[in-house]
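Let me begin by presenting the structure, written as structure tokens, before commenting on it.
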Amino acid sequence: MENEAIRLVLFASSSVVIPTINKLLQAGQLVGVVLTARNDADAMQLKQQLDQGNIPNTYYQPENPEQMAHQVESWRANTGLIFTFSHKLPLSIINACSKGFYNLHASALPQYRGAMPLYWQIRNRESQSYLSMIKVEEAFDSGDIMLQQAMPLHALDTLNSLGRVMAEQSAEFVQEFIVKLQDNRLVAKPQLSEIGLALIAAPMPSQQDLMINWQSMNSHDISALARAGNPLFNGAMLVWNQSIIGLLQATPVQQPNYGVPAGTVLHIGEPEGLIVATLDGALRLDVLTITEGVFSGLTFSERFGLDAGILFGSTPE
């Protein structure tokens, strides 16, 4: 008996899914897309792409899951895929697809469970990430791993550059998953036992998470913190003159810190730029952002009157 053709409903909220959508359309497998109520530029780009392509789409209403279950059934979807979607789905929706509901997560689960796995992997200076397709269960990111693939993480990746890698690699990964699902060639593997495993969570970062702690972070920690938040969270946050400044890019440099407190400006000038003391040496603040604009470290110093010897803070006064 011939396997039933895949009719997939996609739950998504970011333009990262566009290459995957295009692949699904080419294969004639996409029947509809469910969006969140986000209205930022990224979500609007996804919505515009769907409308221009006359792709059926609707907004998720958390307060009315039964209506969404009926919508999935009206599209005659037999497979569900969650990819960049923040809401936890009730069983009424999960059970609406006969071939199951699956979630594409960008980490080697159970590590980096949560809404922002790429952010925390960049911040923690991981050398490799993963695409993990898991069966959706009631508990977030807890289901069996159906398919997994390594994804490179470059030492200079920002949140958006790694997101682009994920977008490109995910399109082929999803197609591989669908072929194996249709041919009954998937082998479910339980996630590693959490007993004795030091789990790393990946929640949406808080304001405090974004702040540079000069007393506990070394130059490489701060550089990674800036890249992880670039551009979505304006990088890493530092305090100067009672204002919060975003640090989008920073580079560890070989320069003595003369024993001054971490966060102290050591040098301002050509060609070195804006150099700040850290626990393990020094850091060049390459790109800074504030309400007035985006500046190189040197230009920022000249425009706003920074001098050697001032001390950046870790918390607003």
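The values are calculated or read from the model by the stated rules, or taken from the named source; none is laboratory data. All of these numbers come straight from a predicted model, not from anything done at the bench. Cβ atoms come from the backbone with ideal geometry, glycine included; neighbour counts cover every protein chain shown. Just the protein is used for accessible areas: all its heavy atoms, side chains included, with ligands, DNA and RNA removed. Shrake-Rupley method; radii C 1.70, N 1.55, O 1.52, S 1.80 Å.
Tabulated results
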| quantity | calculated |
| --- | --- |
| Tally of residues being among the charged types (D, E, K, R) and either assigned by TED's automatic domain parsing to the domain that holds Val287 or under 16 Å from Gly313 (Cα atoms) (or both) across segment 186-231 | 3 |
| Pairs where the first residue, in segment 52-66, is assigned by TED's automatic domain parsing to the domain that holds Val31 and the second is of a type in the set (D, E, K, R) and not in a loop (DSSP other than H, G, I, E, B), C-beta under 8 Å, 6+ apart | Asn57/Lys47; Asn57/Asp51 |
| Yes/no for Gln26 being farther than 18 Å from Val136 by Cβ, modelled with pLDDT under 95 and open to solvent by 50 Å² or more (accessible area, probe 1.4 Å) | no |
| Single residue of Leu81, Leu109 found to be assigned to a loop (DSSP other than H, G, I, E, B) and of a type in the set (A, V, I, L, M, F, W, C) | Leu109 |
| Every residue from segment 154-195 that is more than 17 Å from the chain's Cα centre (by Cα), surrounded by 12 or more Cβ atoms within 10 Å (Cβ to Cβ) and outside any helix (DSSP H, G or I) | Leu186, Lys189, Gln191, Leu192 |
| Filtered residues of segment 119-137 (kept if more than 21 Å from Leu197 (Cβ to Cβ) and open to solvent by 10 Å² or more (accessible area, probe 1.4 Å)) | Val136 |
| Residues of segment 71-88 satisfying the condition of being at pLDDT 95 or above, within 11 Å of Val136 (Cβ to Cβ) and either under 18 Å from the mean Cα position of the chain (by Cα) or surrounded by fewer than 19 Cβ atoms within 10 Å (Cβ to Cβ) (or both) | Leu81, Ile82 |
| Per-region count, segment 190-248, residues of a type in the set (A, V, I, L, M), farther than 17 Å from Trp120 by Cβ and free of Cβ contacts under 8 Å to residues at least 12 places away in the same chain | 1 |
| Meets criteria (assigned to a loop (DSSP other than H, G, I, E, B) and under 24 Å from Pro19 (Cβ atoms)) for Ser86 | yes |
| Identity of the residue in segment 280-291, of a type in the set (Val, Ile, Thr) and open to solvent by 30 Å² or more (accessible area, probe 1.4 Å), that ends up farthest from Asn230 (Cα to Cα) | Thr291 |
| In segment 196-215, the residues that are more than 27 Å from Pro252 (Cα to Cα) and either charged (D, E, K, R) or open to solvent by 70 Å² or more (accessible area, probe 1.4 Å) (or both) | Gly196, Ala198, Leu199 |
| Selection from segment 269-299 of residues that are among the hydrophobic types (A, V, I, L, M, F, W, C) and either touching a Ser or Thr at 6+ places or on another chain (Cβ under 9 Å) or touching a residue at least 60 places away in the same chain (Cβ under 8 Å) (or both) | Leu274, Val276, Ala277, Leu279, Ala282, Leu283, Leu285, Val287, Leu288, Ile290, Phe295 |
| From Val31, Val17, residue being of a type outside the set (D, E, K, R), assigned by TED's automatic domain parsing to the domain that holds Pro117 and either in a helix (DSSP H, G or I) or closer than 22 Å to Ala106 by Cβ (or both) | Val17 |
| 1 or more residues open to solvent by 30 Å² or more (accessible area, probe 1.4 Å) and modelled with pLDDT of 95 or more: qualifying strands (runs of 3 or more DSSP E) within segment 216-279 | 243-253, 265-269 |
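Yes or no, residue by residue, for (1) crowded, with 22+ Cβ neighbours inside 10 Å; (2) modelled with pLDDT under 95; (3) over 21 Å from Asp144 (Cβ atoms); (4) in contact with a strand residue (DSSP E or B) (Cβ under 9 Å, 6 or more places away or on another chain):
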position: Ile21; (1), (2), (3), (4): yes, no, yes, yes
position: Arg38; (1), (2), (3), (4): no, yes, yes, no
position: Ala69; (1), (2), (3), (4): no, yes, yes, no
position: Pro90; (1), (2), (3), (4): no, yes, no, no
position: Ile93; (1), (2), (3), (4): yes, yes, no, yes
